[in-house]
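Report on one structure; see the data block that follows.
Only the coordinates and a few stated rules stand behind these numbers; no lab work does. Everything numeric in this text was worked out from a predicted model, so none of it was measured. Here the Cβ positions follow ideal geometry from the backbone for every residue, glycine too, while neighbour counts run over all protein chains shown.
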Amino acid sequence: MIQNGVPLKDYSNYKIGGPASYFLEIQSKEDLINGLNEWKKMNLQKPIFILGKGTNILISDKGFDGLVIHNAIKGIEKNNNEITAGAGEPVSEIISYCIDNSLSGLEWAGGLPGTLGGAVRGNAGAFKGETKDIVLKVVSINLNTLEEKTRENGECAFDYRYSVFKGEASDEIIVSSVLGLKPGDKETINKLTNEKINYRNEKHPMEYPNIGSTFKNIRKELVPEEFKNELMQYAKDDPFPIIPVAKVLYLCNLKGVREGDAQISLKHPNFIVNLGSAKYEDVKKLIALAKVTVKEKYGIDLEEEIMYLE
């Protein structure tokens, strides 16, 4: 089941990335178990990385000398107002399913890229909604012991762009989640969802390869006292008081700055886009520039929302 030298740029929304030394695509729990058993027999003692749709991951041009597990476990089942979906199911497909079945609660995620597993792991959110608001249960498998575990919402340690799967359970792979929704009017759900999709298409640089928001928005309490008068006028609830990092990057005159074919978006400065043949190092240089510039001007330490694979 395990392949060698698979180019990761083909699995990256950025179209950036070198080969994976070892690559395993899974479409079921059985695929995962069989693949991990094969991996154990190889006894290579190399790291494992879980990849979904590649929407929040910057992959090195040198690739990854380990095992990349591409989680493509799909399927959606309905039980009253709950749905169970595979972790590799694209969020867009789940949203379409909700619309078709008149289920409300996921409208905020209209246009959200990536898979359900990625959304749960990073507690993805937008428009005052977060993944944690609808998650009832998460099923995962430990990569080392192959033990299956089911967590209730309260056991997932959800926080801003965080869950237990980024922390103490980082050695587990999410295989499915149960989402709790509410019955609603199909036309209203469709309308509210499309409003979000249209907003993203208008405000975000969807015309270029990108991996979504580069940095986390800035919590209000992290703004130094001397800059609160200047920056608090831009505060908004998302879902708690934050300063949009895009506004701070704009105030630092970083909009449109280029490094090779990587560019801090002219449309939305918290996106770094690939204009054609951007390299891993090009993007990293822009990220470093943004962090240094914001720190010097406002004394704020930006924190990446994206992950690195190198």
Around ILE197, what is the net charge, scoring Lys/Arg as +1 and Asp/Glu as -1 over all other residues with Cβ under 12 Å from its Cβ?
+1
Stretch gain in nm, segment SER28-GLU281, where the contour uses 0.36 nm per residue and the Cα spacing is subtracted
87.6 nm
Which is farthest toward the positive dipole end of the chain among THR293, THR188, TYR199, measuring Cα position about the Cα centre, with Cβ charges +1 (Lys, Arg) and -1 (Asp, Glu)?
THR293
Here are some values of semi-axes √(5λ) of the Cα gyration tensor in Å: (1) 41, 22, 17; (2) 32, 21, 18; (3) 31, 26, 18. Which one was computed from this structure?
(3)
In nm, to one decimal, how far is the modelled label at LEU251 from the one at PHE49, with both set 7 Å along Cα→Cβ?
3.4
Normalising by the residue count of the chain, find the relative contact order in percent from Cα pairs under 8 Å and 6+ residues apart.
17
Nearest 5 percent is fine: what portion of the DSSP beta bridges confined to the chain is antiparallel?
75
Place a point 7 Å from Cα of ASN153 in the direction of its Cβ. Which residues in segment 233-266 have their backbone N less than 16 Å from it?
239
